[in-house]
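Derivation of every value follows stated rules applied to the coordinates shown; laboratory data play no part. This structure is a prediction, so every number in the text was calculated from the model and none was measured. Neighbour counts run over all protein chains shown; Cβ positions are idealised from the backbone, glycine included.
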Amino acid sequence: MKVTGPTSPTTSTPAARTPSAPAGFSLSGAGGAPAAGAAGSAPSVAGVANVSALMALQGVEDVTERRRRLIRRGHGLLDRLEELKLAMLSGETGEGALDRLARASREAREDGAEPELLVVLDQIDLRAAVELAKAEMRRAAA
């Protein structure tokens, strides 16, 4: 197959065989012309079917992809909690880390993964909520 730029790919088609020699398989009572006509129209139908199948596959979300997104969100929250911890240990107020933590915790969380993963993510979300509540109490007291 050769691609010739932005136009559709060009494929080489084999030359039509002439029935000069007897073939190993033949249909009795069927002429060669209708079979060739049916074979000639098949690629156009198959092309439409392939495109629609690809479009359908793009819309289907894989379970592993959803799991990866949930794990990525959990790691992001843990990273923000670690930033907050390091800021507080160094004597800073950690306002930037708190803002990033609040933003990360507001991201919508999907369900539908394994129950064990959801339990861990619930614990991470709870820890983030506790740190945000403690920061809000410190702001209110000041």
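Would you work out which of VAL119, LEU77, ALA104 lies farthest towards the positive end of the dipole of segment 63-141? Charges go on Cβ: Lys and Arg +1, Asp and Glu -1.
After comparing all options, I get ALA104.
Across segment 131-142, in residue order, what do the Karplus-derived ³J(HN,Hα) couplings come to in whole Hz, using 6.51 cos²θ - 1.76 cosθ + 1.60 with θ = phi - 60° and x for Gly and Pro?
5, 5, 5, 5, 5, 5, 5, 5, 5, 5, 6, 7
Would you mind classifying segment 63-141 by shape? Square roots of the alpha carbon gyration tensor eigenvalues, ordered a ≥ b ≥ c; an a/c under 1.5 is rounded, otherwise it is prolate if a/b is larger than b/c and oblate if not.
It comes out prolate by the Cα gyration axes.
What's the ranking of 128-137, 94-103 by average number of surrounding C-beta atoms within 10 Å, highest first?
Packing proxy ranking, top to bottom: 94-103, 128-137.
Over segment 63-141, what is the relative contact order in whole percent, taking alpha-carbon pairs under 8 Å and six or more residues apart?
Averaging sequence separation for qualifying contacts and normalising by length gives 36 percent for segment 63-141.
At a Förster distance of 35 Å, what's the computed FRET efficiency of GLU95 paired with ARG66, Cβ-Cβ distance as r, to 0.05?
Rounded to the nearest 0.05, the efficiency is 0.60.
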